[in-house]
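The values are calculated or read from the model by the stated rules, or taken from the named source; none is laboratory data. No experiment lies behind these values; they were computed from the predicted model shown. Here Cβ is always computed from backbone atoms with ideal geometry, including for glycine, and neighbour counts include all displayed protein chains.
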Amino acid sequence: MSTRDYEAMFILEHAAATADFEATSGIVDQILEKHGAKIDQKEKWDERKLAYEIKGQRRGTYYLTYFTAEPSAIDNINEDVQLTEAILRHMVIALDVPIAQHIETTSTERELLAEDSRKNSLGGWGGRRDRRAGSARKSEGSGGDAEAAPSADAPKADAPKAEAVAETSTPDQTASE
């Protein structure tokens, strides 16, 4: 039978992976090898807070593997992974190109994603902000040309109110007064 190249991401139980990553990731490796997969590359990818609770867990450790296996083995791998408590979620993707080529083409993309992740973890969506700069921006407006500092032609706040009344009054009103 012919084999195919696969990429698989596993979310491991965070407590188990933190205590002994080699043993926890070894469970994944054993499942793959049990079903005839040949692991080409594997790496601990990231530890993150999960978007939602999975099997009572709020954090997970991501484990990325690249392997070669027969397509018929994938169903058996999926069944064994679902029965393993140390693995919260997983996804197996069949690659259209050889593993080495796939890794090369996605490495720069992964670096950019990791950099964005680091920036986001520092201070939310826009990175770390200086609180003083934020309060200064609020007092100046949004910083656009329309909300720039008042020009010299603009009326001053402390100008007498009588001038404003005189400008808005009609000639008939001023003559009768």
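Considering only residues that are assigned to a strand (DSSP E or B) and among the aromatic types (Phe, Trp, Tyr), look in the stretch 5-25 and name the one that is surrounded by the most Cβ atoms within 10 Å (Cβ to Cβ). Reasoning before the result, please.
The initial filter retains those residues of the stretch 5-25 that are assigned to a strand (DSSP E or B), namely 5-13.
Narrowing further to those that are among the aromatic types (Phe, Trp, Tyr): 6, 10.
Working: Tyr6: 22, Phe10: 28.
Looking at residues that are assigned to a strand (DSSP E or B) and among the aromatic types (Phe, Trp, Tyr), I get Phe10.
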**Prompt:** Restricted to the stretch 101-116, and to residues that are surrounded by 12 or more Cβ atoms within 10 Å (Cβ to Cβ) and among the polar types (S, T, N, Q), which residue is modelled with the highest pLDDT?
**Reply:** Gln101
**Exclusive hit being at pLDDT below 80, in contact with an Asp or Glu (Cβ under 8 Å, 6 or more places away or on another chain) and among the small types (Gly, Ala, Ser), set Gly141, Gly127** = Gly141
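Looking only at the stretch 26-38, filter to residues that are hydrophobic (A, V, I, L, M, F, W, C) and more than 28 Å from the chain's Cα centre (by Cα); which one of those is surrounded by the most Cβ atoms within 10 Å (Cβ to Cβ)? Steps first, answer last, please.
Pass one, the stretch 26-38, residues hydrophobic (A, V, I, L, M, F, W, C): 27-28, 31-32, 37.
Imposing the further condition that a residue be more than 28 Å from the chain's Cα centre (by Cα) reduces the set to 31-32, 37.
Numbers: Ile31: 21, Leu32: 24, Ala37: 21.
Step by step, filter the stretch 26-38, then rank; the result is Leu32.
Is it the case, given these coordinates, that Ile27 is touching a Phe, Trp or Tyr at 6+ places or on another chain (Cβ under 6 Å) and either modelled with pLDDT of 95 or more or not β-branched (Val, Ile, Thr) (or both)?
Values: touching a Phe, Trp or Tyr at 6+ places or on another chain (Cβ under 6 Å): no; either modelled with pLDDT of 95 or more or not β-branched (Val, Ile, Thr) (or both): yes.
Spelling it out, it is not the case that Ile27 is touching a Phe, Trp or Tyr at 6+ places or on another chain (Cβ under 6 Å) and either modelled with pLDDT of 95 or more or not β-branched (Val, Ile, Thr) (or both).
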**Message:** Restricting to the stretch 70-84, name every residue that is among the small types (Gly, Ala, Ser) and assigned to a helix (DSSP H, G or I).
**Reply:** Ala73
